[in-house]
Amino acid sequence: MREIHAATWAFAGLLALCGAQPSPAEEGWISNSYSGPLTDSHLTELARWINDVCRPGEMGHIVGFSYQTGPKAPLNLHVFCLRGGDGKLGKVKILRHAFAGDYDFKTKHLGGQQTASIIGFELAAAPSDAQAGTVLIVVKD
């Protein structure tokens, strides 16, 4: 009888330990990918995914990677987000701003924002002496 009682307590302790650990579905890096012409509705959906699914704790928990085979080619955008935060970052939005030359886009559009995360660049037809396109930036809403 003591063996069964001890086994029950051991099993209950194991369950308690398992319950105290975050499940892999609740935290860790998750990703969202997109390929094709990028529209404002795609950016709105991506911001919704960051806000509602990922809920990162800080701006550094949002990382992006983008590539194109050439100017005006379809954009391949991959966004990684550290899920499982308490959402203390708050709501974010994604801005799109033009740049020309040596990626010399202006930051005045950030307003009072102290941090931002650049998640990608979308190249447009490049003049002969400089690149031009759009930078994709995540900022607090």
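Filtered by the rule that a residue be out of contact with any helix residue (DSSP H, G or I) (no Cβ under 6 Å at 6 or more places or on another chain), among the basic types (Lys, Arg) and either modelled with pLDDT of 90 or more or part of a strand (DSSP E or B) (or both), the stretch 54-86 gives a lone residue, Arg55. Filtering the stretch 45-69 to residues that are touching a residue at least 40 places away in the same chain (Cβ under 8 Å) and surrounded by fewer than 12 Cβ atoms within 10 Å (Cβ to Cβ) leaves only Gly60.
Tally the residues that are in contact with a Cys (Cβ under 8 Å, 6 or more places away or on another chain) and farther than 18 Å from Tyr34 by Cα, restricting the search to the stretch 56-81.
Quick first cut of the stretch 56-81, residues in contact with a Cys (Cβ under 8 Å, 6 or more places away or on another chain) only: 56, 61-63, 81.
Right, trim to farther than 18 Å from Tyr34 by Cα and you get 56, 61.
Number of matching residues: 2.
Candidates in the stretch 128-141 are the residues that are over 17 Å from the mean Cα position of the chain (by Cα) and closer than 19 Å to Thr69 by Cβ; of these, the one that is modelled with the lowest pLDDT is Gln131.
Would you check if there is a residue in the stretch 116-125 being among the small types (Gly, Ala, Ser), at pLDDT below 90, in a strand (DSSP E or B) and in contact with a helix residue (DSSP H, G or I) (Cβ under 6 Å, 6 or more places away or on another chain)? Yes.
Could you check the stretch 87-111 and list, in sequence order, the residues that are of a type in the set (D, E, K, R) and at pLDDT below 75? Can you show your working first?
Step one: of the stretch 87-111, the residues of a type in the set (D, E, K, R) are 88, 91, 93, 96, 102, 104, 106, 108.
Selection gives Asp102, Asp104, Lys106, Lys108.
Residue count for the stretch 1-44 satisfying the condition of being at pLDDT 50 or above, assigned to a loop (DSSP other than H, G, I, E, B) and exposed (fewer than 12 other Cβ atoms within 10 Å of the Cβ): 4.
The values are calculated or read from the model by the stated rules, or taken from the named source; none is laboratory data. These numbers come from a predicted model, not from an experiment. Glycine gets a Cβ as well: all are built from the backbone with ideal geometry, and neighbour counts include every protein chain shown.
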